[in-house]
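The values are calculated or read from the model by the stated rules, or taken from the named source; none is laboratory data. Just so we're clear, the structure is a prediction, and the values are computed from it rather than from any experiment. Note that each Cβ is placed from the backbone with ideal geometry, even for glycine, and that neighbours are counted across all protein chains shown.
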Amino acid sequence: MKKVIKWIALVLVLNAGTSHADTSLRERAQSLRHNVVSVNAKMTNTNQQGFAWVIGERDEYLYLVTASHVIEGANPGDELKALTVRFFRDGNTVHTAQVVAGDSKGLDLAVLKIAMPSRAPWLYAAADITAISPQSKVTYIGKAADWHVGEQFGQIERVNIPTNPYDVSAVGLELDVGTSGAPLIGELGIIGLIVTDSSHQTGVISLAEIKDVVTSRSLPWGLRPWVSPPYTLDGVWAARAPNIPDNIRLTFTPSDDTMHYDYTVEFPTSPRSNIGVGVVDGDEVRLWQSMPSAKTSHGTFKIHGPKEGNVTEAIVMDGFITDGDVGPTQVRMVKQNSASDDDRAVAWMKANPSDFNRMFSKYLPAINAQKNGADDDEAFSALGEDEQLTVMGGMAQGMMLRAGLMRLAELGLTNIKLAIDGRCYSATGALTSTSAQQQVDTLLKSLADDATQQFGKHYEPCNLSQVTRAKETKVNSGEFDFSAELAQPKRILSGLAPDATLSVRGDCLLLEGKLPSPVHKMMLANMLQDLAETLSAKSKKALTPCDQTTS
């Protein structure tokens with residue numbers, strides 16, 4: 001009898017372990033619903049179907065991998081006429097795909113790319129790049145061109161197979177024809193790509209081989225190890241930002257797996273409410289939110305939170321969010337508990353102030369002084385010396401940008417670079433006449449005198465000799481030349497914010513990149529507005545200032 005009881009106990013233990021492994025595999029597979037797509041290749045005489053999955057993104061394109069035979073055709077003379085992929089979320093949206101040419105080192109592997117969808121809730125922390133072990137349990141995604149998680153779990157049979165279009169084999173998966181290109185899933189995420197879909201043996205290209213091919217072709221690789229346990233966002237959150245009301249609340253609820261969330265945004269003083277989706281990707285969360293007038297708000301946040309047992313609960317999220325055409329805004333989101341900030345979040349934020357809070361604390365004396373009735377001069381005097389210099393420098397540079405830029409544009413001197421170093425205004429560039437050089441000299445002196453008078457510190461024009469003569473060049477008439485008009489502003493910008501760029505994109509005068517400080521962001525906003533108005537008048541094209549910088 002005792003032997004029977006021991007045997008029953010052993011069976012229960014084994015079954016419990018198997019059940020946990022099966023559940024873990026299914027969870028990994030379900031979390032990839034945004035990553036995997038079905039592929040439809042229209043050939044000269046036939047259509048072929050398979051699957052592909054996301055590996056990275058670059059320059060507004062999303063990159064995926066599939067089996068090359070899916071897009072090459074099964075019959076002699078077949079040519080690829082059209083190629084599309086279909087996502088299994090967001091209404092099964094279909095996108096036109098392109099084949100990215102390149103050497104796949106003899107493997108049955110192809111790389112595709114599509115234009116970036118408006119929402120991108122796929123997982124990059126979804127890969128298992130460790131060595132594949134024989135006998136390990138696996139499953140797969142995809143069946144009959146549709147979403148499907150394999151019900152029959154298989155196992156790895158062989159690894160490091162030489163001289164084949166694949167390097168790993170698995171058994172026991174019972175695949176149907178048409179599963180080529182689908183991901184093979186282990187307990188820690190994607191481990192390979194299926195290239196043969198026999199019901200008896202499955203050929204697989206390991207993730208290590210795929211990564212080697214992709215990176216050797218200088219293509220983007222975004223996959224990284226899965227994080228266990230993932231952060232949980234369940235509950236109510238409050239947004240904290242200088243230009244966002246304190247009473248806005250976001251409520252997160254799990255979607256159809258442990259990484260994806262739906263959320264609502266409530267505005268208590270308004271009937272307005274928005275909905276969105278989010279994906280917990282390692283220690284980051286990416287959000288997409290529907291906005292009025294068909295605009296979309298999106299952002300990326302770093303997650304912070306304590307690990308308690310098998311759960312890591314998020315309590316603070318730090319990042320930037322972009323609302324439609326408005327530039328990025330730094331936001332800190334705080335977990336709520338009984339309608340107030342979670343005590344753990346409060347303690348964490350006190351020990352880890354945000355960039356804005358650090359800056360805000362430096363200028364708080366001036367803000368408080370103005371609240372108590374002080375005028376601008378008294379508020380300025382309440383600042384520390386470093387803060388005063390920052391404000392003065394920012395205002396002086398702002399004055400140079402606005403006044404100098406407009407004056408040079410009026411004079412047609414778009415090839416002159418203005419700069420400020422300490423309290424010295426300087427100019428460099430090539431001029432075609434003595435009168436033009438005199439105009440630049442006069443402008444520098446005027447800028448320096450204005451700064452001296454306004455800030456009570458001595459500014460002066462310097463390095464006038466760097467303005468040199470150049471031969472006159474004729475400009476052909478025709479389409480408006482934005483590049484020429486932006487040359488001067490770009491030079492000024494390079495001195496103020498070397499990591500920022502300025503360009504015209506569609507109807508948008510776009511300022512993007514990283515700025516040295518929030519003060520620069522406020523200062524450059526005025527310059528961007530003025531420049532957009534000036535270029536709109538000159539080009540007869542309405543331009544909107546679009547600030548997408550971070551600081």
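Condition test on residue 136, is it farther than 16 Å from residue 53 by Cα and free of Cβ contacts under 8 Å to residues at least 40 places away in the same chain?
Taking the combined requirement at face value, the residue does not satisfy it.
Do any strands (runs of 3 or more DSSP E) entirely within region 131-247 hold 2 or more residues that are of a type outside the set (Lys, Arg) and closer than 30 Å to residue 341 by Cβ, and if so, which?
235-240
Please determine, by comparing only the residues of region 203-248 that are of a type in the set (D, E, K, R) and surrounded by 19 or more Cβ atoms within 10 Å (Cβ to Cβ), which one is modelled with the lowest pLDDT.
By that ranking, first place goes to 240.
Using the structure shown, decide if residue 115 is closer than 19 Å to residue 224 by Cα and in contact (Cβ under 8 Å) with a residue 24 or more places away in the chain.
no
Can you report the number of residues in region 297-318 which are touching a residue at least 24 places away in the same chain (Cβ under 8 Å) and out of contact with any helix residue (DSSP H, G or I) (no Cβ under 7 Å at 6 or more places or on another chain)?
Counting residues in region 297-318 that are touching a residue at least 24 places away in the same chain (Cβ under 8 Å) and out of contact with any helix residue (DSSP H, G or I) (no Cβ under 7 Å at 6 or more places or on another chain) gives 14.
Any residue at all in region 78-92 that is at pLDDT 95 or above and in contact with a Leu (Cβ under 8 Å, 6 or more places away or on another chain)?
Checked against the condition, which is being at pLDDT 95 or above and in contact with a Leu (Cβ under 8 Å, 6 or more places away or on another chain), region 78-92 yields at least one hit.
Counting only residues that are at pLDDT 80 or above, give me the strands (runs of 3 or more DSSP E) lying completely in region 441-551 with at least 1 of them.
Answer list for region 441-551: 460-462, 500-505, 508-514, 544-550.
Checking residue 108 against (1) under 25 Å from residue 214 (Cα atoms); (2) not in a loop (DSSP other than H, G, I, E, B), which test does it fail?
Tallying (1) under 25 Å from residue 214 (Cα atoms); (2) not in a loop (DSSP other than H, G, I, E, B), residue 108 fails exactly one: (2).
Residue 96 is checked against (1) farther than 29 Å from residue 262 by Cβ; (2) free of Cβ contacts under 8 Å to residues at least 60 places away in the same chain; (3) within 30 Å of the chain's Cα centre (by Cα) and fails just one. What number does that condition carry?
Here residue 96 meets the rest and fails (1).
Please note which helices (runs of 4 or more DSSP H) are completely contained in region 326-422 and include at least 2 residues that are at pLDDT below 70 and small (Gly, Ala, Ser).
Because the criterion is at least 2 residues that are at pLDDT below 70 and small (Gly, Ala, Ser), the helices (runs of 4 or more DSSP H) in region 326-422 that meet it are 385-399.
Go through the residues of region 140-147 one by one and say whether even a single one is buried (at least 23 other Cβ atoms within 10 Å of the Cβ) and either among the aromatic types (Phe, Trp, Tyr) or not assigned by TED's automatic domain parsing to the domain that holds residue 34 (or both).
yes
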